[in-house]
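Down below is the structure, laid out as structure tokens.
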Amino acid sequence: MSTPRPLALAVSLAAAGSPLIVQAQDPEALSPLTVTAEAVTKTETPFNETPQSVSVIENEEWDARGADTVQRAADYTPGVYTNQVGASNRYDYLALRGFTEGSVSNTFLDGLKVMSDGGSFSSLVVDPWFLERIEVVKGPASVLYGRASPGGLVAQTSKRPEFERSGELRLKAGNNAQRGAAFDLTGPIDEQRRAAFRLTGLARAADTQFDPVEEERYALAPQLSWDVTDATSLTLHAYLHKDPEGGYHSGLPFEGTVVDHAGRRVSHTFFEGEEDFEKFEREQRMVGYELEHRFTDALTGRQKLRFTDADVELEQVYAFGWANDTELNRFFSSADESLQALAVDNQLEARLATGGVDHTLLAGVDYQQRDNDVTWGSGMFPTIDAFDPQYGAEPTAMFADVRRKRELDQTGVYLQDQLAVGNWRLNLGGRHDWVDISNTDLDSDIESELDDTQFSGRAGVLYLFDNGLAPYASYTTSFSPNAAVDQNGDLIEPSQGEQVETGLKFQPAGTQDRYSLSLFHITQENLATKRASESFFRATGEIESRGVELEAHRQVTDNLRLQAGYSYTDVTLEKTDDANQGNTDNWVPRHQASVWGQYAFQQGGLTGLDAGLGVRYYADIHADEANTEKLPDYTLVDATLGYDLAEVGLEGVSARLNVNNLLDEEYVAGCSSIDFCYFGAERSVTATVSYAF
């Protein structure tokens, strides 16, 4: 007997410190802000010279908002939906331009893919305390990175050793028993300043709104940078991460959460599982290095390598549909997974001029390898009364485990040329990948395989006016392997995406302001679809996403900084093997808008104080692919208040209060289907004290 396995299960320190305000005598004195878009090009390219949409999030921004996950750090980024699974913090769900599939595995760390295994529970995360910044690349990026979602990717940049000694200590407390401590130390280790270290760590824990489920995390990142010669540098790094408690991650039916079931609604704090069968433990170990050698001023070689070893253990009792007016059906899911992965990227960058054309050439060869040994269990549990729950039940049936070995090998060769001709900027790139995937049933020795090659390309053009305006247009493609099998038992061919984008970027000269407008059209073909009468899949599905995004960052005065964004995303199921063809895809807001403002008092009795307020709005979200139901629109308000205690003689000490969901809105954030809808997070209040030295 098979049991339903919900889609979400299958993928299954707020900061004090300096405010975001740059002090200056007058607006003319503000130095220009050069925002680079390295993730798009793998080279240092200014934001307004990149013919593709990219949003850059600096750590000062998410610190001020009190974000303690990467998905929360991206809350105010247009084109990114971060609320798929509501109150859950187990994974970083980042759906870009409406593409929800792969939203937990589209992250990269320092240019290398965070080797999550989509379709399993081994989706890895990096705590934002260890990051310097996050770049969100909108649209396909396979030309430089290989397999990736057509919606884009999220590139995370780690903090790195610095040759000036500094440090920071933080303590945090809040409601739901939130508590945490973190540190960050860096500086030179020799008198000649040819070597430097960085040691960053944190420990934090909290209860959740779904009693008795808890969250707990410990992480440590030791690093060493060494200037071997004046032309050669080497950085050794590690990231050690353990989540003994992974928090809540489950959904409930649309009927009973969004609308009444038998005249009643389930509490947004209801726990439908069993404490003795509730477990999520994740351990991640990443080690690697970055080597760079400058052969000449115009020629540089780089190699980045990282090895990942991770273990995940899971047990969960979850609900699947109503049994009667008060009771929910319940099933059991378990997993024991062991993941090993290797990623390496070799690059050669050359800067040269031919006639009146300046070239930045990038050639590379990269390799990704992933092995995941998994054991999945399932079973059945007694029903539970959603309005008067009684716990302590035992399983009524347990089924045979499924044991599989999941392997992937990918080798890619890529070439990119960025051309500058006067005010014109052109970007041309191509890549060829060899992909080998196999999934083996260890009990039957039945193997599903894919041995494929893929080509990805990109062409973009931009004109940079002297006043800072930069209109652009681009065409990019992507590919992403499918996990479903055809009638012969082989993995179906990878899905393929292509995007046409046009837009306008603007950064007024001599200011920190930046604005962007983009219009895009993405199609993804060869998606896995299945007819109701068949047990196998076909690569016949197609999704179309089109929309517009606007983003603005403005320093209004010396004291006030504003950030605003809006995205309209229309995602259509263009081709399916069922009655949903032509419908709007679910789990995606058609309209998403946000604004965040922060004000710093720099004179008078309030000197040292800063205050911030943000509003997020989500609208027009379908609950299912059949488009039978929609979620109510919802608006969330976040706030912060910070104070630099140097004003009262405590040099280096600052404090911050963060309140997310200030109005304690009770809402359903999203639905993966009519059977699995996810409550949003209740109000969170945290206080942080920081000491920088």
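Computed values, structure above
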read-out	value
Furthest towards positive pole of dipole, G680, A539, N48, structure part the chain, Cβ charges	N48
DSSP-loop GluC sites (Glu not before Pro) across the stretch 587-656, with at most 13 other Cβ within 10 angstrom	E651
Cut-off under 5 Å, modelled amide H: who pairs with F210 long-range	none
Relative contact order (%) - criterion: Cα under 8 Å, at least six apart; region: the stretch 447-558	22 percent
Proxy reagent accessibility, fewest Cβ within 10 Å first, across R194, R72	R194, R72
Label-point gap, in nm, between E534 and D620 - each point 7 angstrom along Cα→Cβ	3.4 nm
At most 15 other Cβ within 10 Å, DSSP loop - chymotrypsin sites (Phe, Trp or Tyr not before Pro), the stretch 89-188	F163
Charge dipole magnitude, Cβ of K and R +1, D and E -1 - the stretch 455-546, Cα centre, debye nearest 20	200 debye
The chain - mean residue ellipticity at 222 nm from DSSP helices (-39,500 (n - 2.57) per run, n ≥ 4, rounded to 500)	-500 deg cm²/dmol
Relative contact order (percent, whole number), the stretch 193-333, Cα cutoff 8 Å, 6+ residue spacing	21 percent
Farthest positive-ward along the chain dipole, Cα basis, beta-carbon charges - from G355, G429, A206	G355
Calculated from backbone phi, Karplus (6.51, -1.76, 1.60) coupling profile of the stretch 96-108 in Hz, x at Gly/Pro	9, 6, x, 8, 7, 5, x, 5, 9, 10, 9, 9, 10
Residues in the stretch 348-371 reached by a label modelled at Q303 [backbone nitrogen below 13 Å; 7 Å Cα→Cβ]	348, 365-367
Dipole moment magnitude, nearest 20 debye, the stretch 320-395 about Cα centre, only Lys, Arg, Asp, Glu C-beta charged	340 debye
Simple Cβ-charge dipole of the chain, Lys/Arg +1 and Asp/Glu -1, about Cα centre, in debye nearest 20	1720 debye
A509/T453 FRET efficiency (R0 41 Å; Cβ-Cβ; nearest 0.05)	0.35
Residue exposure sequence - D366, D373 - by fewest surrounding Cβ within 10 Å	D373, D366
For the stretch 7-692, with +1 on Lys and Arg beta carbons and -1 on Asp and Glu, the positive-most of G597, T269, F163 along the dipole	F163
GluC sites (Glu not before Pro) lying in DSSP loop within the stretch 512-578, provided at most 15 other Cβ fall within 10 Å	E534
Ranked V615, V143, criterion: other C-beta atoms within 10 Å, fewest first	V615, V143
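Read-outs: derived from the displayed coordinates by stated rules, not from any lab. In this text the structure is predicted, and so the values were computed from the model without any measurement. No Cβ is skipped: glycine too gets one built from the backbone with ideal geometry, and neighbour counts run over all protein chains shown.
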